[in-house]
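The structure appears right after this line, and notes come after that.
The values are calculated or read from the model by the stated rules, or taken from the named source; none is laboratory data. Only a predicted model underlies this, so the values are computations on that prediction, with no experimental measurement involved. Cβ placement follows ideal geometry from the backbone for every residue including glycine, while neighbour counts extend to all protein chains displayed.
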Amino acid sequence: MALQQSWSRNSRWTRTVDGVLCRSFRGDRLLLSVQARFKTGLGTVINVTRELQKSDPAYEGDTPESLKRAYYHVLSLPPRPITEKDQWMSDLQRWGFSSEVSFSLLDRLVTIVTKIPGLGLPYINQTFNFVRHARRLRTTQSKIKWFERAVSRLENGRLPIRPWDKASNSNIDQIGAALREGLSSQKEIAAACKEIKPRTVQDLLVFMASTGDAVRKKHGHYGPPQEGAAPYVRPGELVLKALERGPSSRAEIQEHTGLTEAQVTAAVHWLWRRAHKIERLKPDLYALPGTAPVSHMYAHDAFALALVSGEKLMCELVEITGKNSGALWRAFRGRLSPDGIAKRIGFRNGSDVRPGLRGCVAVFALTAKGRRYAQRIASNR
């Protein structure tokens, strides 16, 4: 009889909603727990339920056979309608909790808040809303740690959401009201919200854009969340998207992206010189790394890299770098020699270099500073 009770219509595994029999919260938990253990290679259902009954305290009063029959029963039933508890479970799993830990944590939370007068289930909603919008809880790991501490604090009779924790939510509400009134720029919103510092307004606007409570229209301008509104895309991301089509000049990038000339120039400079996300094939021609066989290199950089293997003549430098002798001489006289990167260490007789060549031929080498400079160039490529 006890076995029949564990999976019958009146058991904890099922629930009747609007006259329809469906899985209960515990039925869903059993179903997910069994299916999760199937992936570990335990084999048959009875092996899974036997291991589950031993490892999970929630099933101490059940037998492996009763859990097996309950699993097959709830497997044939539809899931219950989505409730607040389902949303909480979804949030916990999205933040990194396993299904079993999520079930256990929610069970503890529900048990605690229903015993404390004045709290109840609405307080759980309040905690989830706080975690979703708290600026200091941006990473999934920080959210997990906060929930673990929150349950311990509630068990000890202390509320996890302190009065000063609500200040950010109040500020977010004020900024949201300013956005709905049509204010857009950070300066306008800071002037309307006099109790909030301008720097805090800017930080909160960025945070609200990341959580979907605001939409970034352009640099420094925001608006209320709207359905179908196109999110702001940074110029650098647009430039990278345009270069996926192939090597392009700045004018071509501007044509594909719709950015201004100044925006394209700034984005290209950052991506090439600072972030090293694109390569310069030649003056005013850029490409994504690996999409072109040879990237552009300044004459002074090519000169320095060619000298890494040892001293070289000018004719040898021309052959190695692919630059003409005029460009290499200008690089040496205008950059390498004045900065102490390369030096002329002597001359060789022209006839020793090539029969019939008159005069002397200069020999170049790197200084100690030049070797460090060449090493830095090579590591950045």
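Computed quantities for the displayed model
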{"quantity": "Yes/no for Gln53 being of a type outside the set (A, V, I, L, M, F, W, C) and surrounded by fewer than 16 Cβ atoms within 10 Å (Cβ to Cβ)", "calculated": "no"}
{"quantity": "Unmet requirement for Ile377, which otherwise passes all of (1) of a type in the set (Val, Ile, Thr); (2) touching a Lys or Arg at 6+ places or on another chain (Cβ under 6 Å); (3) part of a helix (DSSP H, G or I)", "calculated": "(2)"}
{"quantity": "Residue list for the range 34-64, restricted to those being among the basic types (Lys, Arg), assigned to a helix (DSSP H, G or I) and closer than 18 Å to Phe103 by Cβ", "calculated": "Arg37, Lys54"}
{"quantity": "Residues within the range 303-321 that are without any contact (Cβ under 8 Å) to a residue 40 or more places away in the chain and surrounded by fewer than 13 Cβ atoms within 10 Å (Cβ to Cβ), tallied", "calculated": "2"}
{"quantity": "Residue satisfying all of: in the range 90-126; within 15 Å of Asn156 (Cα to Cα) and not in a helix (DSSP H, G or I); farthest from the chain's Cα centre (by Cα) among these", "calculated": "Pro117"}
{"quantity": "Residue among Arg376, Arg330, Arg335, Arg371 that alone is among the basic types (Lys, Arg), within 50 Å of the chain's Cα centre (by Cα), at pLDDT below 90 and under 30 Å from His276 (Cα atoms)", "calculated": "Arg376"}
{"quantity": "Residue match in the range 127-137 (condition: at pLDDT 75 or above, farther than 30 Å from Val34 by Cβ and in a helix (DSSP H, G or I))", "calculated": "yes"}
{"quantity": "Lone unmet requirement of (1) surrounded by fewer than 12 Cβ atoms within 10 Å (Cβ to Cβ); (2) among the polar types (S, T, N, Q); (3) at pLDDT 90 or above for Thr260", "calculated": "(3)"}
{"quantity": "Those residues of the range 324-369 which are touching a Gly at 6+ places or on another chain (Cβ under 7 Å), closer than 18 Å to Ser309 by Cβ and part of a strand (DSSP E or B), in sequence order", "calculated": "Ala342, Val363"}
{"quantity": "Inter-residue pairs, beta-carbon under 6 Å, first touching a residue at least 60 places away in the same chain (Cβ under 8 Å) and farther than 13 Å from Arg234 by Cβ and in the range 263-276, second in a helix (DSSP H, G or I) and aliphatic (A, V, I, L, M), 6+ apart", "calculated": "none"}
{"quantity": "Which numbered condition Leu357 fails, given (1) within 30 Å of Pro247 (Cβ to Cβ); (2) touching a Ser or Thr at 6+ places or on another chain (Cβ under 7 Å)", "calculated": "(1)"}
{"quantity": "Qualifying residue in the range 210-225 (condition: within 30 Å of Tyr298 (Cα to Cα) and of a type in the set (Asp, Glu))", "calculated": "no"}
{"quantity": "Qualifying residue in the range 216-236 (condition: over 29 Å from Val131 (Cβ atoms), buried (at least 17 other Cβ atoms within 10 Å of the Cβ) and modelled with pLDDT of 75 or more)", "calculated": "yes"}
{"quantity": "Among residues of the range 350-381, those that are of a type in the set (A, V, I, L, M) and out of contact with any Leu (no Cβ under 9 Å at 6 or more places or on another chain), counted", "calculated": "2"}
{"quantity": "Residue match in the range 193-203 (condition: at pLDDT below 85, farther than 30 Å from Arg180 by Cα and out of contact with any strand residue (DSSP E or B) (no Cβ under 9 Å at 6 or more places or on another chain))", "calculated": "no"}
